[in-house]
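One structure is given here, and the rest of the page talks about it.
Quick note: the coordinates plus some simple rules give every number you see, no bench work behind them. Given the structure is predicted, the values throughout are model-derived calculations rather than measurements. Here Cβ is always computed from backbone atoms with ideal geometry, including for glycine, and neighbour counts include all displayed protein chains.
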Amino acid sequence: MSAWNLYDPQVIRWRPASPGREAQLRELAELRAAVEPAAAALTASRHDPRVRDELTTHARAMDTAAREGDGQAYVTADAAFHRVLLTESGSGMFAQLAEVTEVLLEARRELLLLPVRLETTAIGLRHEFAEAVVAGRAAGAAQAAAAILGRARAEVEQILADSREHVTEVPR
């Protein structure tokens, strides 16, 4: 594993479907927790109203998808939201993590690691983030990004815990 490119989309797609999925999901959550608040602060420092409009559009699309129970549309809008966040930071290194995030979100959907009832509360956090970006409040944007990631991580942890509870031991 030490020779693998852990950022390769194929590896990211494969690992959550493997026995090491919990480790993969935690590692990616840790990476995102380290990067996305910093990217949010950088994005906010750019004071670009166009970015707020894009973020708000994606947050609204997530809200609509959640209300309709459309997991695919929800993930598509969520990935687009994070792509804007990462690419508009101005950091090429952060921008390249957009694909990693997109693949992770899609893998969560495919492996049924999204809540049965899609969350609309997190949409408000995305709107707060968009407002902080346009106002140039770097600390507020970073806090909103951290809150978004905290909720996502808690969702995954709960789903994993629930799945462990439903695993029955096979008699030998």
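Please sort 5-15, 43-53 by packing, taking for each peptide the average over its residues of neighbouring beta carbons within 10 angstrom, highest first.
43-53, 5-15
Report, please, the projected area of the chain averaged over directions, based on the convex hull of its C-alpha atoms, in nm².
10.5 nm²
At 7 Å along the Cα-to-beta-carbon direction for both ALA154 and SER91, put a label point, then send me their distance in nm to one decimal.
With each label point 7 Å from Cα toward Cβ, the separation is 2.5 nm.
Give me the orientation-averaged projected area of the Cα convex hull of the range 20-99, in nm², one decimal.
Average of the hull's projected areas for the range 20-99 equals 5.7 nm².
Along the range 83-98, what does the Karplus equation 6.51 cos²θ - 1.76 cosθ + 1.60 (θ = phi - 60°) give for ³J(HN,Hα), rounded to whole Hz, x for Gly and Pro?
Values per residue, Gly and Pro as x: 4, 4, 3, 6, 6, 7, 5, x, 9, x, 5, 5, 4, 5, 7, 4 Hz.
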